[in-house]
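Reviewing the structure listed below.
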Amino acid sequence: MGKVRAAVRERIVDCAIRLFSENGLENVSIGDISLAAGVDKATVSRNYGDKEGVYDAIARRLPDLRLDPG
């Protein structure tokens, strides 16, 4: 994976953590994540599949983090 792609993936996860923490998992869409990260929805989907894929990436990075489902 290239440095740019890794940076984009990290930015997506960082933005998702903030959005999920502020709004709850159920109240955040892939569109919300993509807008916050400055990428299109296809980029989020290509890298993580869906919102649950983004959440799984967060869980791997921060295994002790607990997010309110909404």
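Things worth noting here:
- Between residue 56 and residue 21, the modelled label-to-label distance comes to 2.4 nm, taking each label 7 Å out from Cα in the direction of the beta carbon.
- Remark: the chain carries 62 Å² of accessible area per residue (probe radius 1.4 Å; ligands, DNA and RNA excluded).
- Accessible surface of the chain [probe 1.4 Å, protein heavy atoms]: carbon and sulfur percent: 51 percent
- Residue 10 sits among other residues whose Cβ lies under 11 Å from its own Cβ, and their net charge, with Lys and Arg +1 and Asp and Glu -1, is +4.
- [x] -0.26, -0.47, -0.97, -1.23; [y] -0.26, -0.47, -1.04, -1.35; [z] -0.40, -0.65, -0.97, -1.07, with the label sought being that of the calculated log10 I(q)/I(0) by the Debye sum over Cα atoms at q = 0.12, 0.16, 0.23, 0.26 Å⁻¹: [x]
The values are calculated or read from the model by the stated rules, or taken from the named source; none is laboratory data. These numbers come from a predicted model, not from an experiment. Cβ: placed from backbone, ideal geometry, glycine included. Neighbour counts: every protein chain shown. These accessible areas exclude ligands, DNA and RNA; they are computed on the full protein's heavy atoms, side chains included. Shrake-Rupley method; radii C 1.70, N 1.55, O 1.52, S 1.80 Å.
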